Every structure is written in C-alpha cells, then in structure tokens.
Amino acid sequence: MPQGLGNLNMRIGDVLLVQGKRDHINELKQQSIVMVLDSTTDLPHSKKAPYSLAIMLGIILLGAAGILPIAVSATGGVLLMLLCSCLSWRDISRALNAQVILIIVASLALGNALLMTGGSDFLANTFVHMTEGASATIVLSSLILLMAILTNVVSNNAAAVIGTPVAISIANTLQLSPEPFVHAVLFGANMSYATPMAYQTNLLVMSAGNYKFWDFMRVGLPLILIMWLAYSWILPAFYYS
C-alpha cells in the first residue's frame, strides 16, 4: 500500500473522513471537486448560481416551446455557462467519458444497421410466423418480451422504431385494433434495465457509480421479469376483458 495520504489514488465513489474547521469545510464545498456530506442543510452557494439557474431555465423553455431543438439549446447553454465562468473546460473534460460516448454511438449504429439491412423486417416476419394462430393475449405478451430483449441490445429508441411497424403489421394480420400492440411496444421498449447500453442514463450511472455490466444484469433481469408478467396481465385485461 502507498505510504501517506498524498500517495493514495482515489476513485469515484470513495469516501474520505475529513476533520477541520467549519471555514475550511465550507471552502471545500465551494470548490465543487468533491461532495461534502456533513449532515447539515447548508448548501454551497456561489455568485454564479443565478446565472446557471437562468441559463438552465432558458434551455428548458426554448426546448419546451419548440423555438429550438433541445440539442441546440443545450449546446448553447453550455457555451453560455463557459462564457459566464459557471463552468470551466476542466469541468467539461472531467464530465466526458469516452466509454459512454462510444457505447451510445455503437448502439445507435446497431439499430440503424437492423433497419438498413432488413433485420427489422426479418424479426417482424419471424415473430408473425411463430405466433400464428395464437390468441391476442399470447401475442401481446410475446411482443412485450421481444421488445424488452431488443431494447437492452439496441437502446430503447431503436427498439421503438423497429417494433412499431411490427406491432401494426401484427394487428392488421389479426384484424384487431393496433392500439394495444403499440402499447406493448411502448412498455417493452422502456424495460431498459438489464444492460448499460439500453438507455443513456444507464451509461451515466455506470460511469459515475463505477458499476459493472453484471450489476445491471443482476438487478435488471428480475425487474424485467416482474414488469413483463404485470404488463402481460394488465394489457389484455384492459382491452379484451
């Protein structure tokens, strides 16, 4: 082990017990390098706080009103944060994670590849063939499960894009209303619990909390099973009871 605190390499999630004067603890809070947990309700406040709040409010309002796409308003907000010294380039570089960026790009590319190569059509035709002659309840349950598996491989957005035409095609084949089948895609595509690449927030949590791939599988798979069984009962009961 390294000798001395100055030679100790700390990682994200480590907890360090610090004792000192209140002024020194408050100064540590203002640096925004670490999160100070001192059992008080005193939150760090700087002169730049009103600027950052105003910029955040502007980003939300511009995106909600449809004046600017959220990607444009958010990027502009980051630039304003830099100009107002609410953020530094060091803060931005520390927040970026190459692993997160590469996984997002790869998952989007995988979803696009399924669409461009006809993989989504193959899945649709295979699903329709395998569920031929089954009741609407079985088809809905199977569709939810298929979307739950797909969303954890290609992300929820790609799963929804792939699954919606499949759901409408199945409904037309069965001569039923497409609404419950589209809902099955909606619910299944949002069961993005079992892998980091299933949803962007999973990747952010994985990076910040230093989690492993198996951590998502261990918690996500039982949760998917519970949600799948619940939706498999709720949807048919709501539409066909």
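The values are calculated or read from the model by the stated rules, or taken from the named source; none is laboratory data. Nothing here was measured: the structure is a model prediction, and the numbers come from that model. Cβ sites come from the backbone with ideal geometry, for glycine too, and all protein chains shown count toward neighbours.
Taking only segment 15-55 into account, find how many residues are modelled with pLDDT of 70 or more, farther than 23 Å from Ser85 by Cα and part of a loop (DSSP other than H, G, I, E, B).
Residues in segment 15-55 being modelled with pLDDT of 70 or more, farther than 23 Å from Ser85 by Cα and part of a loop (DSSP other than H, G, I, E, B): 7 in total.
With Ser120, Ser135 as the choices, which residue is out of contact with any Lys or Arg (no Cβ under 7 Å at 6 or more places or on another chain) and either surrounded by 13 or more Cβ atoms within 10 Å (Cβ to Cβ) or modelled with pLDDT under 80 (or both)? I'd like the intermediate steps shown before the answer.
Numbers: Ser135 fails: either surrounded by 13 or more Cβ atoms within 10 Å (Cβ to Cβ) or modelled with pLDDT under 80 (or both).
One residue alone meets the criteria, Ser120.
When both residues are 6+ apart or on different chains and their Cβ atoms are under 6 Å apart, which pairs have a first residue that lies in segment 155-174 and is within 16 Å of Ile138 (Cα to Cα) and in the same structural domain as Val105 (by TED's automatic domain parsing), and a second that is at pLDDT 80 or above and surrounded by 22 or more Cβ atoms within 10 Å (Cβ to Cβ)?
From segment 155-174, the pairs are Ala167/Phe181; Ala167/Val185; Ile170/Phe181; Ala171/Phe181.
Here's the yes/no breakdown for (1) over 25 Å from Ile101 (Cα atoms); (2) crowded, with 17+ Cβ neighbours inside 10 Å; (3) among the basic types (Lys, Arg):
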| site | (1), (2), (3) |
| --- | --- |
| Phe187 | yes, yes, no |
| Thr201 | no, no, no |
| Leu225 | yes, no, no |
| Leu235 | yes, yes, no |
| Tyr239 | yes, no, no |
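Only one of these conditions is not met by Phe216: (1) at pLDDT 85 or above; (2) under 24 Å from Tyr240 (Cα atoms); (3) buried (at least 18 other Cβ atoms within 10 Å of the Cβ); (4) of a type in the set (A, V, I, L, M, F, W, C). Which number is it?
Result: Phe216 passes all but (2).
So, restricting to helices (runs of 4 or more DSSP H) that lie completely within segment 149-241, which ones have at least 1 residues that are under 30 Å from Val15 (Cβ atoms) and out of contact with any Leu (no Cβ under 6 Å at 6 or more places or on another chain)? Don't jump to the end; show me each part of the working.
Details: elements: 156-174, 179-189, 200-209, 213-240.
Hits in segment 149-241: 200-209, 213-240.
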